[in-house]
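Engineer: A single structure is presented below for examination.
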Amino acid sequence: MAKVKSKWVCQSCGYETVSYLGRCPECNQFGTFVEEITNVVKKPDNAKLSNTILSDCKTYKIKDIKLDEKTRFKSGIGELDRVLGGGFVQGSLLLLAGDPGIGKSTLVLQTTKNICEIEFNGEKLKVLYICAEESPMQVKLRAQRLGVEPDNLYLTNETCIDEVVNKIDELKPDFLIVDSIQSVFCANIASSSGSVSQIRECTNALMRVAKQKNITTIIIGHVTKEGNIAGPKVLEHMVDTVINFEGDKYKQFRILRCIKNRFGTISEVGVFKMEDDGLMEVASPSQMLIESTENATGASVVATLEGSRIFLHEIQALVGATGYTNPRRVAVGLEYNRLLQVIAVIEKKVGLNLSKQDVYVNVVGGLDIIEPSYDLALCLSIISSARDIPISPMTIVIGEVGLLGEIRYVDNIERRLKEAAKLGFKKAIIPPVSDKNFEKIKKIGLEVIQVKKVTDAIIKAMSAK
Ligand code: TYD
Ligand code: MG
C-alpha cells in the first residue's frame with residue numbers, strides 16, 4: 001500500500017510545515033494547524049486545462065481592446081452597486097464573505113432577479129447557482145418567498161469542482177454563483193472540503209474558467225471563528241474583489257464593506273435591513289444606529305464617515321468595580337487596542353484610576369467602526385459611566401485622542417455636523433479647526449465647542465446645559 005504523505009497547513013494563512021506547530025510563524029495565530037493528506041488520489045488533468053487556455057491567449061495593443069456595455073453591468077441593487085464601484089465587471093471573481101446566517105445566500109439570490117433581466121444583443125443573461133450547502137428545493141422555497149423566480153436561473157447541487165466545470169461547459173452561463181466555497185471539493189486532493197488546500201484548488205479552478213470564458217463569478221465564503229475568511233491570505237489575492245457582509249445577525253441592520261477591489265474604490269459601504277421578505281436597501285442610514293441617549297450615563301454619539309456617507313453611532317460604556325485580579329476590558333464594535341489606549345490616556349491625563357474597574361464598551365447596532373474619529377466619544381462615555389454623570393443631551397462628539405491627551409483633527413467635520421444637525425442634534429464637541437473652517441461650521445446652526453485637551457472636553461460635555 002502506498003505510504004500516506006501529509007503536511008500541516010495553517011488554516012488561517014496557508015503556511016505549510018512537515019510537523020505540528022502550536023503557533024504559526026507566519027501569522028502568529030495559535031492552534032491553526034491542521035494535518036492535510038497530500039497524496040494525489042487521481043492524476044490531475046491540469047496540464048490539459050492549461051494547454052487549452054494557452055491556445056486562446058493572444059497579445060493585444062491596449063488601444064485595440066474594445067469595451068462594451070457588457071463589460072460593466074449593474075446588479076440592480078443600489079447599495080451593492082455602490083460598494084462595487086458601479087456594478088459587476090464581466091469575467092471578474094468576487095468573494096462575498098460573512099458569518100453564517102448573516103444573509104449572504106439571500107443577497108445573491110435577490111441579485112439574480114435583476115441580473116436575469118439584463119439583455120445583451122437580445123439575449124438575457126444566464127445564471128448558474130451552485131447551491132452546495134442547500135438542496136435546489138430549499139433554494140426554490142427561499143426564492144419563492146423572496147419573489148425571485150426568473151426564467152434563466154439554473155440551480156445545481158453539484159459539489160465536485162470538476163463536475164461544476166463540466167456543468168459550466170454544458171450550460172455556458174454568463175454569471176456563476178458558488179454557495180459556498182467551503183462546501184465544494186476537488187477530487188484530486190485528499191484533505192477534507194473547507195481546508196486551505198481544497199479552497200485554494202477550487203478557487204483556482206473557478207478562476208481559470210471565469211477568466212477563460214468571461215463568466216462573472218461570485219464565490220461565497222464563511223468567516224472563521226477568529227473573524228477571518230477561511231484561508232484569507234490564500235483567497236484574497238486570487239480574487240478581484242472581496243466584500244464583507246457584517247452586522248449582528250440577531251439585529252436587522254447589515255453592512256456590506258469592500259476590502260479589496262481591482263475595479264473601484266474600497267471606501268464605500270452598503271447598508272441593508274433584513275426583513276421578513278428579504279434584504280431591503282437603506283438609502284439614508286445616518287440615524288438608524290442611535291437609541292435614546294437622553295440623560296443616560298455612559299453613552300455618547302459620534303458621527304463617522306464611511307465612504308461618501310455619514311453614520312451616527314452611539315457608543316456605550318459600563319464601568320464598575322472588578323471582581324477579578326485583572327480587571328476586564330471588553331470592546332464590541334471597535335478596536336480593543338484603541339480601548340486600552342484611551343483607558344491609559346484617561347488614567348494618566350485625567351487622573352481617573354481605572355485599575356480596579358471593569359470596562360465594557362459597545363457600539364449600538366452591531367456594526368463595527370473602523371476610523372479613529374470615535375476616540376473622544378469613547379473616552380467621554382467611559383468617564384460618564386465611571387463618574388455617573390450624563391453627557392448633555394443631543395450632543396455630538398467628534399475627535400481622535402492622542403497619547404498626550406490632545407484632541408486631533410479629523411476630516412470632513414463640516415459634513416458630519418450637517419448630518420447631525422439634520423437629525424436634531426444641538427451641540428457639537430470637535431477638535432480645534434482653522435478660523436476659516438470654524439466660520440463655515442458655525443453657519444450649520446449647532447452650538448460648536450472646540451476642545452484641545454480631553455480635560456476640556458469633559459468639562460464642556462458634562463455641563464448641565
Ligand atoms: P442566509 O442568506 O441563509 O445566510 P447565509 O447564507 O449568510 O448563511 O440568511 C439567513 C438568515 O436570514 C436567517 O436567519 C433568516 C433570515 N432571513 C430573513 O429574516 N428574511 C428572509 O426573507 C430570509 C430569506 C432570511
Ligand atoms: Mg447560505
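Engineer: Once amide H atoms are built 1.01 Å from N in the peptide plane, which residues 5 or more positions from GLY194, or in another chain, come under 5 Å H to H?
Structural biologist: Hits under the 5 Å cutoff: ILE199.
Engineer: Please report the antiparallel percentage of the DSSP beta bridges confined to the chain, to the nearest 5.
Structural biologist: Just about 55 percent of them are antiparallel.
Engineer: A further question follows. Cα extents of the range 70-281 along the three principal axes, largest first, in whole Å?
Structural biologist: Principal extents (Cα only, largest first): 46, 42, 35 Å.
Engineer: Over the range 150-253, what is the relative contact order in whole percent, taking alpha-carbon pairs under 8 Å and six or more residues apart?
Structural biologist: Details: 105 pairs, mean separation 25.8, N = 104.
Computed over the range 150-253, the figure is 25 percent.
Engineer: May I ask you to order 316-323, 240-247, 81-88, 260-267 by the average number of other C-beta atoms within 10 Å around their residues, highest value first?
Structural biologist: Result, highest mean Cβ count within 10 Å first: 240-247, 81-88, 316-323, 260-267.
Engineer: Which whole-number percentage describes the relative contact order of the chain, with Cα contacts under 8 Å and a sequence gap of 6 or more? Please report the intermediate quantities before stating the final value.
Structural biologist: On the way: 975 pairs, mean separation 56.3, N = 465.
The value is 12 percent.
Engineer: Further, regarding this structure: Take peptides 94-100, 121-127 and line them up by average Cβ neighbours within 10 Å, highest first, as a rough protection proxy.
Structural biologist: 94-100, 121-127
Engineer: Distances over 32 Å make up what percent of all Cα-Cα pairs in the chain?
Structural biologist: Beyond 32 Å sits 50 percent of the P(r) for the chain.
Engineer: Continuing with this model, one more query. How many percent of DSSP beta bridges within the range 287-461 run antiparallel, rounded to 5? Mind dumping the intermediate values first?
Structural biologist: Working: 18 of 30 bridges.
DSSP beta bridges in the range 287-461 are roughly 60 percent antiparallel.
Engineer: Enumerate the calculated ³J(HN,Hα) couplings along the range 202-211 in order (Karplus 6.51 cos²θ - 1.76 cosθ + 1.60, θ = phi - 60°), each rounded to whole Hz, writing x wherever the residue is Gly or Pro.
Structural biologist: Rounded to whole hertz, the list is 5, 5, 4, 4, 5, 4, 4, 5, 4, 6.
Just so you know, all these numbers are worked out from the coordinates, no wet-lab data involved. Being a predicted model, the structure only gives us computed values, none of them experimental. Here the Cβ is made from the backbone with ideal geometry for all residues, glycine too, and neighbour counts use every protein chain on show.
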